[in-house]
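What follows is a set of notes on a single structure, which appears directly below.
The values are calculated or read from the model by the stated rules, or taken from the named source; none is laboratory data. These numbers come from a predicted model, not from an experiment. Glycine also receives a Cβ, built like all others from the backbone with ideal geometry; neighbour counts cover every protein chain displayed. These accessible areas exclude ligands, DNA and RNA; they are computed on the full protein's heavy atoms, side chains included. Shrake-Rupley method; radii C 1.70, N 1.55, O 1.52, S 1.80 Å.
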Amino acid sequence: MMLILASASPRRRDLLTQAGLRFDILPAAIDETLHPNETPAAYVQRLALEKALAIHTLHPKATVLGADTTVVSEQQILNKPTDLADAERMLRQLSNRVHQVHTGIAVITPTSQHSHVETTSVFFSAIPDDELAHYLATGDSLDKAGAYGIQGYAARWIPRIEGDFFNVMGLPIAAVSRLLRETHSL
């Protein structure tokens, strides 16, 4: 089986590698505009499927994995910040609150198509101003949905989660493995 990850995310690449999977990487370029009245879960599921389909049309004999992750706080989708001011706004919104991380995954093979949305609740403590300023100065917040990575500096503000830790990193490995088994690709 040839598995293709339709994503350029270094975290997804690392997670699949750690899970012992062999794969190629071929990022999909799709329009990621939110549709009117689209829920966050439907949004990430659609994007994961569109990414997988875009690559599957180029490699119809392969198994293609598409994924998309977003952070949702107070009914607002927090994708990757546009700049440091946007990252600060997002982190202040997350401070001392609970939010959800949704990851849509889609696996397409020559004979089947399966998708799933994984949701994890993330509990943030209050973020002290000096720690926020230090974190923003690192630039680490700019390439992550919600302006943080659970596996890095921001871990100090996350006392608890409910759900899949790897989902918050961008790829729920257990769910991916289940979909690959269901499609007989694993």
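Things worth noting here:
- With every protein chain in place, the chain: carbon and sulfur % of accessible area (1.4 Å): 53
- Dividing the summed helix terms, -39500 (n - 2.57) for each DSSP H run of n ≥ 4, by the number of residues in the chain produces a 222 nm estimate of -10500 deg cm²/dmol to the nearest 500.
- Against the main long axis of the alpha-carbon atoms of the chain, helix 129-138 sits at an angle near 40°.
- Annotation note: chymotrypsin sites (Phe, Trp or Tyr not before Pro) in segment 59-142 located in DSSP loop regions with a Cβ neighbour count of at most 16 within 10 Å are absent.
- Coupling constants for segment 161-167 follow from the phi torsions by the Karplus curve (6.51 cos²θ - 1.76 cosθ + 1.60, θ = phi - 60°), and in residue order they are 9, 10, x, 7, 4, 5, 4 Hz; glycine and proline get x.
- Label separation (Thr82 vs Arg97): 1.9 nm, computed from points 7 Å beyond Cα along the C-beta direction.
- Span per principal axis, largest first, for the Cα atoms of segment 76-158 (Å): 53, 23, 23
- Cα convex hull of segment 40-120, projected area averaged across orientations, nm²: 5.9
- Extension gain for the segment Gln75 to Arg181, taken as residue separation times 0.36 nm less the Cα-Cα distance, is 34.8 nm to one decimal.
- Most to least packed among 62-75, 103-116 [average Cβ atoms within 10 Å]: 62-75, 103-116
- Calculated P(r) of segment 1-44 - Cα pairs past 16 Å, %: 51
- In segment 1-96, the ratio of gyration radius to Kirkwood radius, Rg to Rh, stands at 1.03 when only Cα atoms are counted.
- For segment 1-46 and segment 142-186, distance of Cα centres in Å: 12
- Cβ-derived FRET efficiency at R0 25 Å, Thr111 paired with Phe165, nearest 0.05: 0.20
- Accessible area in square angstrom per residue, segment 43-144, 1.4 angstrom probe: 43
- Length-normalised contact order for the chain - Cα pairs under 8 Å, 6+ apart - percent: 22
- Those residues of segment 106-137 whose amide nitrogen sits under 20 Å from the label point placed on Arg156, 7 Å along Cα→Cβ: 123-137
- Relative to the dominant Cα principal axis of the chain, helix 84-94 is inclined by about 90°.
- Note on segment 121-179: the C-alpha convex hull projects to 4.3 nm² when averaged across all orientations.
- Folded to 0 to 90 degrees: helix 40-58 orientation relative to the chain principal axis, Cα: 40
- Prolate/oblate/rounded call for the chain, Cα gyration tensor, a/c under 1.5 rounded: prolate
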